[in-house]
Amino acid sequence: MAMAATQMKQPGNMPNAAGGHGWPRRAQPQPPGPPAFEQKFVPNQSPAAINRPINLYPLTNYTFNTKEPLFEKDPSVPARFQRMRDEFDKIGMRRSVEGVLLVHKHGLPHVFLLQLGTTFFKLPGGELNPGEDEVEGLKRLLTETLGRQDGVKQEWIVEDTIGNWWRPNFEPPQYPYVPPHITKPKEHKRLFLVQLAEKALFAVPKNYKLVAAPLFELYDNAQGYGPIISSLPQALSRFNFIYI
């Protein structure tokens, strides 16, 4: 947004801009434009510190069961964007959240990804309900996706925001910024770092495969994992991993 120039008061005996002479000239009234998109500041739940440590536990500490399939709301990509368009007219921009769950294997950080088929990978998470809090919504979605089925409540510790991605149009591309010509993004996706407990049991939907992908494999690999997942090594580099 352009900054307005500071105007100085001119002496009373000098011709003003009303007659077309002098300086500064009066700004001509401008017709109202479209409302600008406003980003609301949301303070971090836990302010980051210098060399902030994040505990990573070995992959072997975690146990995995299966549960009933978890299907997408939309049968196809075109159907997904059509539903997004329909909902945008009613409730506005879609809000979605995803969790980044980290473990280590042989001293190398790995991130949990849900694999569908042979080439599609996604972070656990999904769409928020209208008015739903982001952190509470992420906990709900993680429970729906990976929560255990034996009645024991799963605890999710949401540490920090590690990324914001915006979808400017009803199309696949997303960006880590709002393009300057966009006043009404169609989706805002926020990524959160989730601190795993030392040991846990996860229940994975039968139609998905839960994989632990090493960060070095994700780095600069948008062709294999997409721009969001492949950006995780850079986004996570500000943390100090403690291998336990």
Accessible surface, per residue, of region 100-244 when the full set of protein chains is kept, probe 1.4 Å, Å²: 48 Å²
Accessible area of region 116-188 belonging to carbon and sulfur atoms, whole % at 1.4 Å probe: 53 percent
Residues whose placed amide H lies under 5 Å from that of Phe241, excluding near-sequence neighbours: Ile54
Net charge contributed by nearby residues that have their C-beta within less than 11 Å of Arg52 (K/R +1, D/E -1): -1
For Thr66, residues with placed amide H under 5 Å, excluding near neighbours: Val204
Heavy-atom accessible area order for Lys90, Lys122, Lys139, largest first, 1.4 Å probe: Lys90, Lys139, Lys122
Over 30 Å (Cα to Cα) - which of Lys105/Lys189; Lys122/Lys153; Lys73/Lys209; Lys105/Lys186; Lys67/Lys90 fall in this group: Lys105/Lys186; Lys67/Lys90
Region 203-212 - phi-based ³J(HN,Hα) in whole Hz, Karplus 6.51/-1.76/1.60, Gly and Pro as x: 10, 9, x, 4, 8, 10, 10, 8, 10, 9
Charge sum, other residues only, whose C-beta stays under 9 Å from Ala203's C-beta, Lys/Arg counted +1 and Asp/Glu -1: +1
Phi to ³J(HN,Hα) by Karplus 6.51 cos²θ - 1.76 cosθ + 1.60 over region 223-232, Hz, x for Gly, Pro: 5, x, 10, x, x, 6, 5, 5, 8, 4
HN-Hα J in Hz across region 88-104 - Karplus 6.51, -1.76, 1.60, θ = phi - 60°, x for Gly and Pro: 4, 5, 9, 10, x, 4, 6, 10, 9, 9, 9, x, 9, 10, 10, 9, 10
Order of exposure, largest accessible area first, which applies to Asp160, Asp150 with probe 1.4 Å: Asp150, Asp160
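The values are calculated or read from the model by the stated rules, or taken from the named source; none is laboratory data. These numbers come from a predicted model, not from an experiment. Positions of Cβ are backbone-derived with ideal geometry, glycine not excepted, and every protein chain shown enters the neighbour counts. Surface accessibility is based on the protein's heavy atoms, side chains included, excluding ligands, DNA and RNA. Shrake-Rupley method; radii C 1.70, N 1.55, O 1.52, S 1.80 Å.
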